[in-house]
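The values are calculated or read from the model by the stated rules, or taken from the named source; none is laboratory data. Since the model is a prediction, treat every value here as computed from it, not as a measurement. Backbone-built Cβ (ideal geometry, glycine too); neighbour counts: all protein chains shown. Ligands, DNA and RNA are excluded from the accessible area calculation, which covers all protein heavy atoms including side chains. Shrake-Rupley method; radii C 1.70, N 1.55, O 1.52, S 1.80 Å.
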Amino acid sequence: MMTLADDSICHETVNSPVEMEGDGADSRKESSEEINFLLDHLPLLNIDLDTDEPALRTPENQACCSRNVIRKQRHWEKIVAAKKSKRRQEKDRRKAKHCVDASAGSDQQQHSKKFLKALTKERLLEAKNSGPRLCLDLSMTDHMSKKEISRLAAQIRRLYGSNKKAAKPFWLFLTGFVEHSLLYDECVRMNDGFVNYLVESTDNSFLDLFPLETIVYLTPDSDHVLEDVDPTKVYVLGGLVDESVQKKVTFQKAKDNDLQTARLPIKEYMVKKDNEKNFHSEILAINQVFDILRTYHETQSWPEALKAGVSPGKGFVLQDEIIPEKKSSFK
């Protein structure tokens, strides 16, 4: 096989007559003799241009490669078949579970999300015309920090979600709600689809929207007990998250505008429970107050409504949940 070195020598030798043109006759004679010598020995050079190894082209190796391909293909087909079988079994399991639920008398019908969304929208729009009205007074953000405003935005989300699930929903108003304010931006950031909420929002005060005689401002500092939910009234909740506990802020606002006030009947149906911290509070988040109003509107039962909205952490329990202590007798 000719190497690159041999090839370069050949080229140099062939080109030498050109390079040496102009030399004497002896040089031309010597160069022609070298060329003739190379031409005589050129057939003896063995140049192998085929780099493939003959062993790879044997029938035995070709058969071996074919068997490997077939083996890998069969292995892959087994994997695909196993995945199909697993999906089929999972589908059969879900179908069997659905049949069991149906035979057990499940009342929940399987509907599409689109149908449920349309049904919810229909209920809320009916409440706009005939349901009770609840107004959130969101004009007190000046009293709150950014952290408290974020908590208020989260409470608005929970309140709206609870109203959507209600069998008898309220129609909601967001008043004193300035667009692109800090509270507005937090509501948009934290609540998916907030701009599509089925509520009436305005930057005007609730005092400009409703007749004063129809307004009932709910505040824990009121002397009047809320006895019923009247569809002809507008119940106002102060949108105030106050970690520093500024007392009587909402009550004072209602008093300054000669509004009727009311408090939830917590003291009438619940008692303080002994606890290690001796902590008792009637101050509830706006979504907790709404859960009480919504449950009462559906059940007409204050004990059931208070149980749904007053968390155990507030330190209050229903009167019938207190187990009287047995008096020990001594002889």
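Apply 1/(1 + (r/R0)^6) to the Cβ-Cβ distance of HIS280 and ALA82, taking R0 = 45 Å, and write down the FRET efficiency to the nearest 0.05. Working shown, then result.
Numbers: r = 61 Å, r/R0 = 1.36.
Efficiency computed from Cβ-Cβ geometry: 0.15.
Assuming a viscosity of 1.002 mPa s and a temperature of 20 °C, what translational diffusion coefficient in µm² per second does Stokes-Einstein assign to segment 186-297, Rh being the Kirkwood radius over Cα pairs?
Values: Rh = 16.1 Å.
Reported coefficient: 133 µm²/s.
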What is the P(r) of segment 120-206, as percent of Cα-Cα pairs per 10 Å bin from 0? 17, 51, 27, 4
Between LYS91 and GLU227, how many nm apart are label points set 7 Å from Cα along the C-beta direction? 6.3
Karplus-derived 3J(HN,Hα), 6.51/-1.76/1.60, for each residue of segment 122-137, Hz, glycine and proline x: 5, 5, 5, 5, 5, 5, 4, 8, 10, x, x, 10, 10, 10, 9, 7
What lysines could a cross-link reach from LYS247, if we take a straight Cα to Cα line under 30 Å and drop same-chain neighbours fewer than 8 places away? LYS146, LYS147, LYS233, LYS255, LYS267, LYS272, LYS273, LYS277, LYS307, LYS314
Ranked order, PHE251, PHE210, PHE115 - accessible area, probe 1.4 Å, largest first: PHE115, PHE251, PHE210
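Are there any GluC sites (Glu not before Pro) in segment 209-305 that are in a DSSP loop and have at most 10 other Cβ atoms within 10 Å? List them by number. Don't jump to the answer; show the numbers that get you there.
On the way: sites: GLU213, GLU227, GLU243, GLU268, GLU276, GLU282, GLU298, GLU304; in loops: GLU227, GLU243, GLU276, GLU282.
Loop-located and lightly packed - GLU227, GLU243, GLU276.
Once the piece of chain linking LYS117 and VAL271 is laid out straight, how much longer is it, given 0.36 nm per residue of separation minus the C-alpha distance between them?
Numbers: separation 154, 0.36 × 154 = 55.44 nm, distance 4.03 nm.
Fully extending the segment from LYS117 to VAL271 adds 51.4 nm.
If I stretch the segment between ASP185 and GLU126 completely, what's the gain in nm (0.36 nm per residue apart, minus their alpha carbon distance), one decimal?
Working: separation 59, 0.36 × 59 = 21.24 nm, distance 2.91 nm.
Stretched fully, the ASP185-GLU126 segment lengthens by 18.3 nm.
Could you give the length gained on full extension between GLU213 and HIS143, defined as 0.36 nm per residue of separation minus the Cα-Cα distance, in nm? All intermediate terms of the calculation are to be shown ahead of the outcome.
On the way: separation 70, 0.36 × 70 = 25.20 nm, distance 2.71 nm.
This chain segment gains 22.5 nm when fully extended.
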